[in-house]
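The values are calculated or read from the model by the stated rules, or taken from the named source; none is laboratory data. Not measured: the values here are computed from a predicted model. Here the Cβ positions follow ideal geometry from the backbone for every residue, glycine too, while neighbour counts run over all protein chains shown.
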Amino acid sequence: MAELLQTVLDTTDVRRLAEFYRQLLGLTYRLGDEEPSEDEDWLVLTWPDGRRALAFNRVDESEMAPSHWPAPGAVKHMHLDLTVSSVEELDADHARALALGAELRLDRTDDPDEPLRAYADPAGHIFCILVA
């Protein structure tokens, strides 16, 4: 049976988006990807134990249509779910995500069963942070 290696996000600026998720999730660059180069088409981020987490693939701007979710009829393309253990952690990560360049798209922190916030990352990909 196949196993998931990593999630790949298309973006027009691989370093910018990789750096956003590196700081947001505490990831590290794969060996060889640490230093920026002029023609970056692909970067990989790993968990501290070396397992791959996310990869970033450069695409032309004409290939990127940012999601306008949760607007009616808007598509998400894909999204990432990130979990925290408390509303206090959700609030702390909210401030950090905004400081890193995320845009808040949905705030459901008043949901007693599953408090969450949904954001767009700097390239327009949707991600949620929820209390699990």
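Taking the conditions exactly as written (exposed (fewer than 13 other Cβ atoms within 10 Å of the Cβ) and either touching a strand residue (DSSP E or B) at 6+ places or on another chain (Cβ under 7 Å) or at pLDDT below 95 (or both)), does Pro66 satisfy them or not?
In short, no.
So which residues in segment 86-105 are over 13 Å from Asp121 (Cα atoms) and either without any contact (Cβ under 8 Å) to a residue 24 or more places away in the chain or in contact with a strand residue (DSSP E or B) (Cβ under 7 Å, 6 or more places away or on another chain) (or both), if there are any at all?
Scanning segment 86-105 gives Ser86, Val87, Glu88, Leu90, Asp91, Ala92, Asp93, Ala95.
Those residues that are surrounded by fewer than 13 Cβ atoms within 10 Å (Cβ to Cβ) and touching a strand residue (DSSP E or B) at 6+ places or on another chain (Cβ under 6 Å), I need them from segment 9-41; list them, please.
Asp41
Only residues in segment 32-51 that are touching a residue at least 40 places away in the same chain (Cβ under 8 Å) count as the first member; pair them with residues that are of a type in the set (S, T, N, Q), Cβ under 7 angstrom, at least 6 apart or cross-chain, and list the lot.
none
Of the residues Gly73, Gly32, which is more than 26 Å from Leu4 (Cβ to Cβ), out of contact with any Phe, Trp or Tyr (no Cβ under 8 Å at 6 or more places or on another chain) and among the small types (Gly, Ala, Ser)?
Details: Gly32 fails: more than 26 Å from Leu4 (Cβ to Cβ).
It is Gly73.
Does any residue of segment 30-47 turn out to be farther than 27 Å from Val131 by Cα and aromatic (Phe, Trp, Tyr)?
Yes: one or more hits.
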